[in-house]
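Visitor: I'd like to ask you about the structure that follows.
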Amino acid sequence: MDAFVLQILNGLDKGGAYALIALGLTLVFGTLGVVNFAHGALFMLGAFCAVTLQKLLSLEKVTEDPTQLTAWGTPMEIRTPYIETWLGDLGTTLIDYSVPVSILLAIPVMLVVGVVMERGLIKHFYKRPHAEQILVTFGLAIVLQEVVKSFFGANPIPQPAPEIVAGSADIGLLLGMDPGTVVYPWWRMVYLLFSAVVIGLVFAFLQFTTFGMVVRAGMADRETVGLLGIDIDRRFTIVFGLAAVVAGMAGVMYTPILSPDYHMGMDFLVLSFVVVVVGGMGSLGGAVAAGFLLGILQSFASMNEVKTILPGIDQIIIYLVAVAILLIRPRGLMGRRGVMES
Amino acid sequence: MIEKHSRRGDLLLLLGFALVVAFAPTIFEPIGGGYPDLLQKFAIYGIFAVGFNILFGLTGYLSFGHAAFLGVGSYTAVWSFKLLTMNVLPALVLATVMGGLFALFIGFIALRRSGIYFSILTLAFAQMSYNLAYSVLTPITNGETGLQLTHGDPRVLDALFGVQHGDGLPSTDLFGMSMSGWSGYYFCGVVLFAMFYVSLRIFRSPFGMMLRAVKSNQNRMNYTGINTRPYTLAAFVISGMYAGLAGGLMAVTDPLAGAERMQWTASGEVVLMTILGGTGTLLGPVLGAGVIKYFENIFSAFNEATLMDVFSFLPETLQHGAVAITGLFVGEGWHLTLGALFMLIVIFLPGGLMEGVNRIKALFRGGLRRGEVRRPATMTG
């Protein structure tokens, strides 16, 4: 029982990341009809927003304190981040909370990146075949990740979670089990909550605002909406920006779980595509459901008990599920009938 | 979209190709490519891309998992070196057959879908192979270290025929002819020529015509009562065999096989080669493979010192600036150039270099038929 709960929890936070990336991917496909292989790179860019902010905040002033000596007899160097000298305690708090604070940086940055990307490149590929869309965005993804690599180096850069949530929670205790059986890092819980909120916000935005209504109408029948005198292209540009923001925020919050490096986007992209396909191309609910489902499946497959029966299953389970879904039900779990069913 | 071609034109093309392969050392000498290792790479990746083109160029099915067959070919060849003999022939035959079998299995499943779903299915299978090669299949693939030759290998055929290897690790040979240096290149070159010939025959055959028909309108084919699956599967298996052969040749030049050859970025590379050269054209893929491998070799060898040399004619401040900017694109940053190239080609020249060549030709023919540029192929998603 306790192992069971633990695996579900483990799967949920990974599933949250998959769901957030897949949500943007499928949103872009549903609205613009574009297969965006650079979406993983947006996730990676978000993560590096967090890295940048953390680096900026911890720029330090080095002063020497002659009253204290190090073991080598030289004056002790005292490093104080500039922000602490300027803002005092608030500065210290800011540094501690650099990851969540980065979201404030990531939102405008990713919005601009998304809009520029759509206006500058993707726009010209609406009418082109999917193969060319895949190829050009694949090229863009390589460019983005190489640029990041040249700025930040090839090694992963660990990002600390705020101290208050750095530890682990004893979930088992809450559920009336023995202490220490189900231990779960607080930050993953935060991530889970965060992804649930973001997913809820995106759905609410599409469901309850006029803007969202127009976008949904455009997804269903772009031409008619255009004929009604609505500038659907502009809305879709904003939708692309929104998808970029969602991917970016997912990246920011994931940094304490996985130290960001330049190719994390590619690693997630392949999986997210599989998630989108399993959920159904263009289906938002499907992407979210499939994201969590595959995350949980993967964490169950990596249990030792399972691995002894089926060695290596943890490596391929997601792909196996995708193959099975594509063969049995090609429109995905919740895909609309007739959308990309060939 | 029926291209006009004559027997004589084909013969000339083959002759020209053979001449280029034969005199490659002299031809590539002036641009710094006249050494066997690099030319061998041209030939091997040329084979890989020619095979990929038979699938993608003719049928329009975009596979994102062809590196898996390449990896399978490499592993098979190295195992043949370990267990059977250091002679390359059995290794290559086995590598080709294994690549084909593997493609038969994956193609049988993946070809049930088309378009982007086909791409994702092939990608999924390639990732599965890659992950498995790294983890559970370690007894076969030797995991992260990669599969290597050792002293204790049985090599039963060599033992049977009394072939003696020296004290060091044995090297690959073709009935006593060493496979390193120029003989190695010419072996790869001959194989490339043979494979190019096969691809030419496929392009000109009714089978090739059928594949083109699949690309231009598969629905119509189905409505006329033709089952296209056997044709596409055949094309998939053939291109898998090409990839297996290329993988085998890689093991011939360097008897070592690692899982990274199966990674999906490697699959992306062959797609790029084909597109860069010209999808659906005969020469395009070889051209694309050559260009990419050439620039990879040249660009990744650049470092700051050579760049300083190149820009030494500029005043010092400008020189540092120029070095800093171009430094992003060369050496370690070669992939950046590759990605940018990828985008530029897809955006401006979707028909690849061959389209560029045709445009220039049309320009020279001048006035009469201005603007009438034949795009060699259109891609379908």
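The values are calculated or read from the model by the stated rules, or taken from the named source; none is laboratory data. Here the structure is a predicted model, which means the values were calculated and not measured. FYI the Cβ positions are ideal-geometry reconstructions off the backbone, even for glycines, and counts take in every protein chain you see.
The rows are residues; the columns are (1) surrounded by 22 or more Cβ atoms within 10 Å (Cβ to Cβ); (2) within 14 Å of another protein chain (Cβ to nearest Cβ); (3) in contact with a Lys or Arg (Cβ under 8 Å, 6 or more places away or on another chain).
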residue	(1), (2), (3)
B:Leu38	no, no, yes
B:Leu62	yes, yes, no
B:Val88	yes, no, no
B:Leu101	no, no, no
B:Ile120	yes, yes, no
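Visitor: Separate question: Inspect segment B:347-358 for any residue being of a type in the set (S, T, N, Q), in a helix (DSSP H, G or I) and surrounded by fewer than 16 Cβ atoms within 10 Å (Cβ to Cβ) and give the result as yes or no.
Guide: Taking segment B:347-358 and keeping what is of a type in the set (S, T, N, Q), we get B:358.
If we keep only those that are in a helix (DSSP H, G or I) as well, we get B:358.
Within this subset, residues satisfying the condition of being surrounded by fewer than 16 Cβ atoms within 10 Å (Cβ to Cβ) are none.
No - not one qualifying residue is present in segment B:347-358.
Visitor: Hey, can you tell me all the residues within segment B:85-123 that are modelled with pLDDT under 85, part of a helix (DSSP H, G or I) and of a type in the set (Gly, Ala, Ser)?
Guide: Once the filter is applied, which keeps residues that are modelled with pLDDT under 85, part of a helix (DSSP H, G or I) and of a type in the set (Gly, Ala, Ser), segment B:85-123 yields only B:Gly115.
Visitor: Could you list, ordered by first residue, the pairs with Cβ atoms under 6 Å in which the first is in segment B:104-117 and within 7 Å of another protein chain (Cβ to nearest Cβ) and the second is of a type in the set (Val, Ile, Thr), at least 6 apart or interchain?
Guide: Partner pairs satisfying both residue conditions: B:Ile116/A:Val35.
Visitor: Which of the residues belonging to segment B:61-76 are assigned to a loop (DSSP other than H, G, I, E, B) and not hydroxyl-bearing (Ser, Thr, Tyr)? If you could, list the steps in order and put the result at the bottom.
Guide: Taking segment B:61-76 and keeping what is assigned to a loop (DSSP other than H, G, I, E, B), we get B:61-66.
The answer is B:Leu62, B:Phe64, B:Gly65, B:His66.
Visitor: Also, quick follow-up: For the structure I just gave you, tell me whether A:Thr26 is of a type outside the set (A, V, I, L, M), surrounded by fewer than 19 Cβ atoms within 10 Å (Cβ to Cβ) and either under 14 Å from the mean Cα position of the chain (by Cα) or not in a helix (DSSP H, G or I) (or both). So that I can check it myself, show each step before the final result.
Guide: Values: of a type outside the set (A, V, I, L, M): yes; surrounded by fewer than 19 Cβ atoms within 10 Å (Cβ to Cβ): no; either under 14 Å from the mean Cα position of the chain (by Cα) or not in a helix (DSSP H, G or I) (or both): yes.
Judged against the criteria, A:Thr26 is not a match.
Visitor: Could I ask something else about it? What is the number of the single condition among (1) within 14 Å of chain A (Cβ to nearest Cβ); (2) more than 30 Å from B:Trp264 (Cβ to Cβ); (3) hydrophobic (A, V, I, L, M, F, W, C) that B:Phe23 does not meet?
Guide: Answer for B:Phe23: the failing condition is (1).
Visitor: Looking at (1) hydrophobic (A, V, I, L, M, F, W, C); (2) within 12 Å of chain B (Cβ to nearest Cβ); (3) surrounded by fewer than 22 Cβ atoms within 10 Å (Cβ to Cβ); (4) over 28 Å from A:Ala220 (Cβ atoms), can you tell me which one A:Ile328 breaks?
Guide: (4)
Visitor: Looking only at segment A:303-325, filter to residues that are crowded, with 16+ Cβ neighbours inside 10 Å and assigned to a loop (DSSP other than H, G, I, E, B); which one of those is modelled with the highest pLDDT?
Guide: A:Met303
Visitor: Regarding segment A:112-132, can at least one residue be identified that is surrounded by fewer than 19 Cβ atoms within 10 Å (Cβ to Cβ) and within 26 Å of A:Ile95 (Cα to Cα)?
Guide: yes
Visitor: Restricting segment B:122-144 to residues that are in contact (Cβ under 8 Å) with a residue 24 or more places away in the chain, over 14 Å from B:Val72 (Cα atoms) and not acidic (Asp, Glu), which is nearest to the other protein chains (Cβ to nearest Cβ)? Give the derivation first.
Guide: Our first condition is that a residue be in contact (Cβ under 8 Å) with a residue 24 or more places away in the chain; within segment B:122-144, this holds for B:122-127, B:129-130, B:133-134, B:140-141, B:143-144.
If we keep only those that are over 14 Å from B:Val72 (Cα atoms) as well, we get B:122-124, B:144.
Retained after the next criterion (residues that are not acidic (Asp, Glu)): B:122-124.
On the way: B:Thr122: 10, B:Leu123: 6, B:Ala124: 4 Å.
The extreme case among them is B:Ala124.
Visitor: Among the numbered criteria (1) in a helix (DSSP H, G or I); (2) surrounded by fewer than 20 Cβ atoms within 10 Å (Cβ to Cβ), which one does B:Trp79 miss?
Guide: (2)
Visitor: Is it the case, given these coordinates, that B:Leu94 is more than 18 Å from the chain's Cα centre (by Cα) and away from chain A (no Cβ under 13 Å)? Please lay out each step first, then the result.
Guide: Numbers: more than 18 Å from the chain's Cα centre (by Cα): yes; away from chain A (no Cβ under 13 Å): yes.
Spelling it out, B:Leu94 is indeed more than 18 Å from the chain's Cα centre (by Cα) and away from chain A (no Cβ under 13 Å).
Visitor: In segment A:189-302, which helices (runs of 4 or more DSSP H) lie fully inside it and hold 1 or more residues that are within 14 Å of chain B (Cβ to nearest Cβ), under 22 Å from the mean Cα position of the chain (by Cα) and surrounded by fewer than 24 Cβ atoms within 10 Å (Cβ to Cβ)? Give the steps one after another, and end with the answer.
Guide: Details: elements: A:210-220, A:222-227, A:232-254, A:264-279, A:284-301.
Helices (runs of 4 or more DSSP H) meeting the threshold: A:264-279, A:284-301.
Visitor: Still on this model: Test each condition in (1) part of a helix (DSSP H, G or I); (2) in contact with a Ser or Thr (Cβ under 9 Å, 6 or more places away or on another chain); (3) free of Cβ contacts under 8 Å to residues at least 24 places away in the same chain for B:Leu15 and report the one that comes out false.
Guide: Here B:Leu15 clears every test but (2).
Visitor: Taking segment B:155-182, which residues are of a type in the set (Gly, Ala, Ser) and surrounded by 10 or more Cβ atoms within 10 Å (Cβ to Cβ)? Step through it out loud before you land on a result.
Guide: We begin by selecting, within segment B:155-182, every residue of a type in the set (Gly, Ala, Ser); these are B:159, B:162, B:166, B:168, B:171, B:176, B:178, B:180-181.
Matches in segment B:155-182: B:Ala159, B:Ser171, B:Ser178, B:Ser180, B:Gly181.
Visitor: Which count do you get for residues in segment B:302-349 that are in contact (Cβ under 8 Å) with a residue 40 or more places away in the chain and among the polar types (S, T, N, Q)?
Guide: First pass over segment B:302-349, keeping only residues in contact (Cβ under 8 Å) with a residue 40 or more places away in the chain: B:337-338, B:341-342, B:345-346.
With the extra rule that they be among the polar types (S, T, N, Q), the set shrinks to B:337.
Final tally of qualifying residues: 1.
Visitor: Let me ask you something else. Would it be correct to say that B:Thr326 is of a type in the set (Ser, Thr, Tyr), modelled with pLDDT under 75 and surrounded by 15 or more Cβ atoms within 10 Å (Cβ to Cβ)? Spell out how you get there, then give the answer.
Guide: On the way: of a type in the set (Ser, Thr, Tyr): yes; modelled with pLDDT under 75: yes; surrounded by 15 or more Cβ atoms within 10 Å (Cβ to Cβ): yes.
In short, yes.
Visitor: Determine whether A:Ala161 is within 21 Å of A:Gly11 (Cα to Cα), away from chain B (no Cβ under 14 Å) and in contact with a strand residue (DSSP E or B) (Cβ under 7 Å, 6 or more places away or on another chain). Outline the logic, then answer.
Guide: Working: within 21 Å of A:Gly11 (Cα to Cα): yes; away from chain B (no Cβ under 14 Å): yes; in contact with a strand residue (DSSP E or B) (Cβ under 7 Å, 6 or more places away or on another chain): no.
It is false that A:Ala161 is within 21 Å of A:Gly11 (Cα to Cα), away from chain B (no Cβ under 14 Å) and in contact with a strand residue (DSSP E or B) (Cβ under 7 Å, 6 or more places away or on another chain).
Visitor: Quick one: which helices (runs of 4 or more DSSP H) lie wholly within segment B:217-318 and hold at least 2 residues that are within 14 Å of chain A (Cβ to nearest Cβ) and of a type in the set (S, T, N, Q)?
Guide: In segment B:217-318, B:218-223, B:264-277 are the helices (runs of 4 or more DSSP H) which contain 2 or more residues that are within 14 Å of chain A (Cβ to nearest Cβ) and of a type in the set (S, T, N, Q).
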